[in-house]
Amino acid sequence: RCLLAVLNAPTPDVDARASERVGTFSARAHARSRGETPLLHCRVDEADPRGLAMVLLIDRTGSMGGSPQPIDWSRGGLPGPHFNESRMPHARRAAILLDLACTAAEIPLCIGYAGNGGYTCHHPEGTRAFERESPVIWLRDWHTPATAEGPRALLAGMYGDSGDECYSSCLTLAQEQLAERPERTKVIIYLLDGRPTDEPAAQVRATVERVRRSGTLVIGLFVGD
């Protein structure tokens, strides 16, 4: 509820007006930042009630934890105790919360499960290795109905099953998704838990800087203990 109150900030019925100092005063920006910044804009912007689009990427590598093994197939496939350990349980809750809040605030949101080269262990016939052409599985995209429960069910069952982070590739794919959007503010939030193992950290840093130069905000977020 607190997150929704921030994302769905009240917008006073006041048009942008010229400041006595410089630029314009934006009541919308003032409300969204709770009186902090930005207060003054050096340009006159038209009202843009849908001015934010977001992509959430979730690191699916094994170090995120949350494995369902050992699975109790005699009881319908209930996961073992490791399912609620390590960082993935925190990522599940954060992702579902953001999904619910963005839906209520009518903010476009894509959610991608990011990583490649791993295995799935929830199959009744045993583990299944995988290697996909694209390192991002989109659990929610721009065309997913806002109230769809499928993405939330997938989020609730996430666990770390990948071997390669593919940070640079995943960031590039997220940027391509946002390029389709008309909104002025574009944000990528990446839930992750450490340094890359499949590419130099300097390469990831360069990718982040490139995406930011294009005007997209990039936030790397650690969740968990």
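Points to keep in mind about this one:
- When residues in region 170-225 are screened for being open to solvent by 40 Å² or more (accessible area, probe 1.4 Å), among the acidic types (Asp, Glu) and in contact with a strand residue (DSSP E or B) (Cβ under 8 Å, 6 or more places away or on another chain), 1 of them pass.
- Inter-residue pairs, beta-carbon under 8 Å, first among the charged types (D, E, K, R) and in region 115-138, second surrounded by fewer than 16 Cβ atoms within 10 Å (Cβ to Cβ), 6+ apart: Arg128/Tyr119; Arg128/Thr120
- Strands (runs of 3 or more DSSP E) lying entirely in region 56-154 (those with 1 or more residues that are under 13 Å from the mean Cα position of the chain (by Cα) and buried (at least 20 other Cβ atoms within 10 Å of the Cβ)): 109-114, 136-140
- Pairs, first more than 25 Å from Leu97 (Cα to Cα) in region 199-225, second open to solvent by 30 Å² or more (accessible area, probe 1.4 Å) and in a helix (DSSP H, G or I), C-beta under 6 Å, six or more apart: Val211/Gln175
- Selection status of Leu217, of a type in the set (A, V, I, L, M) and assigned to a strand (DSSP E or B): yes
The values are calculated or read from the model by the stated rules, or taken from the named source; none is laboratory data. Just so it is clear, the structure is predicted and the values come from calculations on it, not from any experiment. All Cβ positions, even for glycine, are placed from backbone atoms using ideal geometry, and neighbour counts span all protein chains on display. Surface accessibility is based on the protein's heavy atoms, side chains included, excluding ligands, DNA and RNA. Shrake-Rupley method; radii C 1.70, N 1.55, O 1.52, S 1.80 Å.
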